[in-house]
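Q: Quick one: the structure is below, questions incoming.
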Amino acid sequence: MSSPFDYRWWHPELNRMENELNIVHLDLFSQINNGKVIPLLYTGLKDSKGNKIYEGDIIYCWGRNLRIVWCSGDASFFAESID
């Protein structure tokens with residue numbers, strides 16, 4: 001699936017993350033709707049080591065552990081405390 005966005009994919013049943021998927025376009029939507037694959041969107045930011053930060057990542061900042069979350073109402077990412 002070609003997209004201008006960068007995703008990472010979480011497989012809850014397999015308990016594993018993948019950077020690329022090898023499924024056909026139509027099958028991808030059924031996989032997402034059935035909860036077999038969860039798309040995690042790239043925020044456009046990188047950490048101090050140059051690694052991409054994706055939705056759902058946990059970062060350590062300001063002395064706290066924070067999870068990156070997408071807010072559809074504001075169409076933006078934010079970091080929520082998980083401590």
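Any read-out appearing in this document is the output of simple, stated calculations on the displayed coordinates, not a laboratory observation. Predicted, not measured: the structure shown is a model, and the values here were computed from it. Don't worry about glycine lacking a Cβ; one is built from the backbone with ideal geometry, like all the others, and counts go over all protein chains shown.
Q: Given H placed on each backbone N at 1.01 Å, which residues far from Asp57 in sequence or on other chains put an amide H within less than 5 Å of it?
A: Ile68
Q: Ok, one more. Within the set of other residues whose C-beta is less than 12 Å from the C-beta of Leu41, count the net charge using Lys and Arg as +1 and Asp and Glu as -1.
A: -1
Q: What 222 nm value per residue comes from the helices of the chain, counting each DSSP H run with n ≥ 4 as -39,500 (n - 2.57) and dividing by all residues, nearest 500 deg cm²/dmol?
A: It comes out at -3000 deg cm²/dmol, rounded to the nearest 500.
Q: In nm, to one decimal, how far is the Arg64 label point from the Tyr42 one, both placed 7 Å along Cα→Cβ?
A: Here the modelled spin labels are 2.8 nm apart.
Q: Across every pair of different alpha-carbon atoms, what Kirkwood hydrodynamic radius in Å does the chain reach?
A: Mean inverse Cα-Cα distance, inverted, gives 14.1 Å.
Q: Would you be so kind as to identify which of Trp9, Trp62, Ser81 lies farthest towards the positive end of the dipole of the chain, taking Lys and Arg as +1 and Asp and Glu as -1 on Cβ and the Cα centre as origin?
A: Towards the positive end, the residue furthest out is Trp62.
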